[in-house]
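Following: one structure in structure tokens, then a few remarks.
The values are calculated or read from the model by the stated rules, or taken from the named source; none is laboratory data. Everything numeric here is computed off the predicted structure, so don't read it as measured data. All Cβ positions, even for glycine, are placed from backbone atoms using ideal geometry, and neighbour counts span all protein chains on display.
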Amino acid sequence: KNEVEQSPQNLTAQEGEFITINCSYSVGISALHWLQQHPGGGIVSLFMLSSGKKKHGRLIATINIQEKHSSLHITASHPRDSAVYICAVASSGNQFYFGTGTSLTVIP
Amino acid sequence: DTGVSQNPRHKITKRGQNVTFRCDPISEHNRLYWYRQTLGQGPEFLTYFQNEAQLEKSRLLSDRFSAERPKGSFSTLEIQRTEQGDSAMYLCASSLLGRQGVGYTFGSGTRLTVV
């Protein structure tokens, strides 16, 4: 069993839809990261969370430490949001564990 | 400082050859990480440094792999006697361990193809 599980693995949405990607983890963490990877392979860090909720533009990330669960929401999705979204957790020992990613395609 | 820089962006090599990749982290970051990502998978941890000290190595890092960070700044990852299974994206990231947690920045990666 992976330390980090993401769902769904693949997601197709119409432009404008509200999107949710879920992440569950099984280790004690110091922080959780949401990453965005574009087809060329470059990775961008979207959020780092240790509690609560963060918002950046149309992106919202939440974390529930007790339930060991985080969600990434995209409001008013756009084709340029098409990418792979990866959940990563920094364990209490500063080891990083990655989910396998959610491939999002937003259709115009 | 424009972020984490990795060179080369792409490398094609023949099986059995040695390759070396370089990572230049954000200058004030004290931690540097190497990851490998194969197609359709999330990144897998290989090793990380705090300053010049290599603190942890994954079991994925066979004897053919070696990483250095001699002055606590840039790092190199060398693969000796490459095999086709080494074909992957090699990602570097750096971070600054601080009171509020770990700020974490990825490089664009080096894509290795072993033919």
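Quick one: what pairs do we get from the range B:20-38, first residue closer than 27 Å to A:Gly99 by Cβ, second acidic (Asp, Glu) and part of a loop (DSSP other than H, G, I, E, B), C-beta under 9 Å, 6+ apart or different chains?
B:Ile26/B:Asp1
Please indicate, with yes or no, whether at least one residue in the range A:85-92 is assigned to a loop (DSSP other than H, G, I, E, B), within 30 Å of B:Thr47 (Cβ to Cβ) and within 14 Å of chain B (Cβ to nearest Cβ).
There is at least one residue in the range A:85-92 that is assigned to a loop (DSSP other than H, G, I, E, B), within 30 Å of B:Thr47 (Cβ to Cβ) and within 14 Å of chain B (Cβ to nearest Cβ).
How about the range A:83-108: which of its residues are within 13 Å of the chain's Cα centre (by Cα) and of a type in the set (A, V, I, L, M)?
If the condition is that a residue be within 13 Å of the chain's Cα centre (by Cα) and of a type in the set (A, V, I, L, M), then A:Ala83, A:Val84, A:Ile86, A:Ala88, A:Val89, A:Leu104 are the ones that fit.
For a quick check of your reading of the model, give me the residue pairs whose first member lies in the range B:68-95 and is under 13 Å from B:Tyr48 (Cα atoms) and surrounded by fewer than 20 Cβ atoms within 10 Å (Cβ to Cβ), whose second is at pLDDT below 95 and among the aromatic types (Phe, Trp, Tyr), with beta-carbon atoms closer than 8 Å and at least 6 apart or on different chains.
Pairs found: B:Gly72/B:Phe49.
Under the condition of being of a type outside the set (Ser, Thr, Tyr), in a strand (DSSP E or B) and closer than 20 Å to B:Thr38 by Cα, which residue from the range A:93-108 is farthest from the other protein chains (Cβ to nearest Cβ)?
Looking at residues that are of a type outside the set (Ser, Thr, Tyr), in a strand (DSSP E or B) and closer than 20 Å to B:Thr38 by Cα, I get A:Leu104.
For B:Ile79, work out the one condition from (1) modelled with pLDDT under 95; (2) in contact with a helix residue (DSSP H, G or I) (Cβ under 7 Å, 6 or more places away or on another chain) it doesn't fulfil.
(1)
Taking the range A:26-59 only, how many residues are more than 16 Å from B:Pro43 (Cα to Cα) and touching a residue at least 40 places away in the same chain (Cβ under 8 Å)?
Result for the range A:26-59: 6.
Return yes when B:Arg22 is modelled with pLDDT of 90 or more, touching a Ser or Thr at 6+ places or on another chain (Cβ under 6 Å) and of a type in the set (Lys, Arg) and no when it is not. Explain how you work it out, then say what you get.
Numbers: modelled with pLDDT of 90 or more: yes; touching a Ser or Thr at 6+ places or on another chain (Cβ under 6 Å): yes; of a type in the set (Lys, Arg): yes.
So B:Arg22 fits the description; yes.
Just for the range B:35-55: of the residues that are surrounded by fewer than 20 Cβ atoms within 10 Å (Cβ to Cβ) and farther than 30 Å from A:Gln9 by Cα, which one is modelled with the lowest pLDDT?
The qualifying residue modelled with the lowest pLDDT is B:Leu55.
Would you mention how many residues in the range A:79-93 are more than 19 Å from A:Asn2 (Cα to Cα) and either small (Gly, Ala, Ser) or exposed (fewer than 15 other Cβ atoms within 10 Å of the Cβ) (or both)?
4
Quick one: what pairs do we get from the range B:41-52, first residue facing another protein chain (nearest Cβ under 7 Å), second surrounded by fewer than 21 Cβ atoms within 10 Å (Cβ to Cβ) and of a type in the set (Gly, Ala, Ser), C-beta under 7 Å, 6+ apart or different chains?
What qualifies is B:Phe45/B:Ser58.
From the list A:Leu59, A:Leu72, A:Leu35, which one is in contact with a Cys (Cβ under 8 Å, 6 or more places away or on another chain), within 25 Å of B:Gly3 (Cβ to Cβ), surrounded by 17 or more Cβ atoms within 10 Å (Cβ to Cβ) and away from every other protein chain (no Cβ under 11 Å)?
A:Leu72
Taking strands (runs of 3 or more DSSP E) that do not extend beyond the range A:4-82, which have at least 2 residues that are under 11 Å from the mean Cα position of the chain (by Cα)?
Working: elements: A:4-7, A:10-14, A:19-25, A:29-37, A:43-49, A:52-56, A:59-64, A:69-74.
Result: A:4-7, A:19-25, A:29-37, A:43-49, A:59-64, A:69-74.
For every residue, the table says whether it meets (1) touching a Phe, Trp or Tyr at 6+ places or on another chain (Cβ under 7 Å); (2) at pLDDT below 90.
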residue	(1), (2)
B:Ser5	no, no
B:Thr13	no, no
B:Glu68	no, no
B:Leu91	yes, no
B:Phe106	no, yes
B:Gly109	yes, no
B:Thr113	no, no
